[in-house]
Amino acid sequence: MSLDPHKYRQDFPILSEKVYGKSLVYFDNAATTQTPTQVTDVLVEYYNKYNSNIHRGVHYLSNKSTEGAENARLKVQKFINAAHSHEVIFTAGTTESINLVANSFGECYVSEGDEVIVSEMEHHSNIVPWQMLCQRKKATLKVLPFNDKGELMTEKLEDLITDRTKILAVNHISNSLGTINPIKEIIDFAHSKNVPVLIDAAQSVQHKKIDVQALDADFLVFSGHKLYGPTGVGVLYGKEKYLNEMPPWQGGGEMIKEVTFEKTTYNELPFKFEAGTPNYIDTIGLGAAIDYVEAIGLDEIDAYEQELLAYATAKFESIPNLRIYGTAKNKTSVISFLVEGIHFYDMGMLLDQMGIAVRTGTHCTEPVMQHFGIDGTVRASFAFYNTKEEIDALFAGIEKVCKMFAV
Ligand code: PLP
């Protein structure tokens, strides 16, 4: 029996909101998922009952907050099956996690003449930090291309990886194409050439079970707000052997062992990478989001979202002049599209007037748009709380816009 979204929709009060007097249809889940009351209740509870700066106090409140945040770390460890909880670093999100690795790993391991590989379908967050590193270090950024279906041409890795390659950074799932990349195969190949791999899991932790040990990922990053959790919190998983070697990225409180004006010694993992007061209440909220998702079951979520994807794809394909960008064999519930003769902003704005929230533009993946020679797309991305009736509403909305433009 497939998952029943109606069982869960009441957990998300925003889904019952009206926009412009119309029922909200929320199809911008790849940008941010909505947050259930099971998570927001925990945030309110901590602010109202236990709030106090963590790790630094001996009093009851500080201990309660510390315990909550460290429990969240254990939940993340279990969620991604990390070998050690100190391999889980809390950050502000995917972007900060990648910047941390690009700066700290880059400082340690990348020198003039070295190479870093990213793919052509990365989010800007997994391009620009590496580009900045390469500029700083006079290293070269190389790009693994994708084909016109939006599938990575992994066979090109053979030529791309050289003995100067220091790291390969690739997403598990593309936010603009929906492609599910064969990351195990990529990691195994890179490792056969002694190249560590960073996996951008911003678009996958909410759809797929992740096991960093089975994958043998060296780094894996994701954001809370795409996993039904709070904004402003995310995770960097790193193998202990790298995290121990890497220098701290930011200096401040908590990341130190001892400070004198002559010298500072650094704290142990994970605190070495968590300078300053962390976003501990949202971290606790992230733990609650993981509990929520696990109670439903990621396999059930994934199977139902695949159903939505198949349903929507078949409907979209029946619309004349509509082209879907990203037709990989393995896809998640993201559909990027354009209707010939209708600008993506017009489509997005007119759908918005009907209460339907889709994303328009480049989705922070300008190289993907450059690949197809377009300026942007309309993107509908589905979560487990979406329904086939909502997809019918989107379909009817697109048909209405097509009529307005006489397309
Ligand atoms: N990587 C991918 C694949 C994404 O989809 C996103 C956000 O859309 C990011 C990175 C950046 O995530 P954040 O803005 O939460 O740091």
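Values quoted throughout were computed directly from the atomic coordinates according to the rules given, and no laboratory measurement underlies them. Remember, predicted model here, so these are calculated numbers, not experimental data. Using ideal geometry, Cβ is built from the backbone for each residue, glycine included, and neighbour counts are taken over all protein chains shown.
Cβ under 12 Å from residue 304's Cβ, residue 304 left aside: what net charge do those residues give with Lys, Arg +1 and Asp, Glu -1? The partial results should precede the final answer.
Values: positive: 7, 388; negative: 4, 299, 300, 302, 305, 307.
Once positives and negatives cancel, what remains is -4.
With charges only on Cβ, +1 for K and R and -1 for D and E, what is the dipole size of the chain about its Cα centre, in debye, rounded to 20?
The dipole of the chain has a size of about 400 debye.
Among 170, 33, 116, which residue has its Cα furthest toward the positive end of the charge dipole of the chain, with +1 on Lys/Arg Cβ and -1 on Asp/Glu Cβ?
33
Could you check which residue among 265, 95, 40 shows the biggest mean-square fluctuation in a GNM of the chain with a 10 Å Cα cutoff?
Highest fluctuation of the listed residues: 265.
Calculate the spin-label point distance for residue 372 paired with residue 6, positioning each point 7 Å from the Cα along the beta-carbon direction, and give it in nanometres.
The modelled label-to-label distance comes out at 3.5 nm.
On full extension of the chain, what length is gained from residue 141 through residue 318, given 0.36 nm per residue of separation minus the C-alpha to C-alpha distance? Provide the component values of the computation, followed by the final result.
Numbers: separation 177, 0.36 × 177 = 63.72 nm, distance 4.06 nm.
Full extension of this stretch gives 59.7 nm more.
Go ahead and estimate [θ] at 222 nm for the chain from helices alone: -39,500 (n - 2.57) per DSSP H run with n ≥ 4, summed, over the residue count, rounded to 500.
For the chain, the value works out to -11500 deg cm²/dmol.
Are any of the pairs 18/226; 138/331; 142/315; 75/142 more than 32 Å apart by Cα-Cα distance, and if so, which?
On the way: 18/226 22 Å; 138/331 36 Å; 142/315 38 Å; 75/142 36 Å.
In this structure, 138/331; 142/315; 75/142 exceed 32 Å between Cα atoms.
If you fit an axis through the alpha-carbon atoms of helix 344-353 and take the longest principal axis of the Cα set of the chain, what angle between them do you get, 0 to 90°, nearest 10?
Compared with the principal axis, the helix lies near 80 degrees.
In µm²/s, what is D for the chain at 10 °C and 1.306 mPa s, where D = kT/(6 pi eta Rh) by Stokes-Einstein and Rh is the Kirkwood radius from Cα pairs?
71
Quick check: net charge around residue 134, other residues with Cβ under 9 Å of its Cβ, Lys/Arg +1 and Asp/Glu -1? Can you show the working numbers first?
Details: positive: 136, 137, 138; negative: 114, 115.
Net local charge, residue 134 excluded: +1.
What percent do you get for the relative contact order of the stretch 290-407 when only Cα pairs under 8 Å and 6+ apart count?
Working: 124 pairs, mean separation 33.9, N = 118.
That works out to 29 percent.
Which far-off residues, 5 or more places away or on another chain, put their amide H under 5 Å from the one on residue 146, with H placed in the peptide plane?
For residue 146, whose amide H was placed from the backbone, the distant partners under 5 Å are 120, 153.
Label point 7 Å out from residue 295 along Cα-to-Cβ: which residues of the stretch 1-24 have amide N under 16 Å?
4-13
Would you please calculate the Kirkwood hydrodynamic radius of the stretch 361-405 over all C-alpha pairs and express it in Å, rounded to one decimal?
Averaging 1/r across every pair of different Cα atoms and inverting gives 12.5 Å.
Normalised by the residues of the stretch 1-46, what does the relative contact order come to in percent, with Cα pairs under 8 Å and at least six apart?
Once normalised by length, the contact order is 34 percent.
Please give me the summed charge of the neighbours of residue 341: other residues whose Cβ is under 13 Å from its Cβ, Lys and Arg +1, Asp and Glu -1.
Around residue 341, the charge tally is 0.
Using a basic spin-label model with each label point 7 Å from the Cα along Cα→Cβ, how many nm lie between residue 17 and residue 31?
My value for the distance between the label points is 1.2 nm.
Suppose a student asked you for the relative contact order of the chain, using Cα pairs under 8 Å spaced at least 6 residues apart; what percent would you report?
Values: 785 pairs, mean separation 92.9, N = 407.
Relative contact order, the chain: 23 percent.
How compact and how long is the stretch 252-349, expressed as Rg and Dmax of its alpha-carbon atoms in Å?
23.8, 71
Using the Karplus curve 6.51 cos²θ - 1.76 cosθ + 1.60 with θ = phi - 60°, work out ³J(HN,Hα) for each residue of the stretch 243-257 in order, rounded to whole Hz, and write x for Gly and Pro.
Karplus-based 3J(HN,Hα) across the stretch 243-257 equals 4, 5, 6, 6, x, x, 9, 10, x, x, x, 6, 8, 10, 9 Hz.
I need the shape label for the stretch 193-250. Rule: rounded when a/c is under 1.5, else prolate if a/b > b/c, else oblate, with a, b, c from the alpha carbon gyration tensor.
Details: a/c = 2.74, a/b = 1.36, b/c = 2.02.
Verdict is oblate for the stretch 193-250.
How long is the gain from residue 48 to residue 164 if the chain were fully straight, where each residue apart is worth 0.36 nm and the alpha carbon distance is subtracted? Please list the in-between numbers first.
Details: separation 116, 0.36 × 116 = 41.76 nm, distance 5.30 nm.
Between residue 48 and residue 164, full extension yields 36.5 nm more.
So if each residue of separation counts as 0.36 nm, and I subtract the Cα-Cα distance between residue 81 and residue 109, what length gain in nm does that give?
7.5 nm
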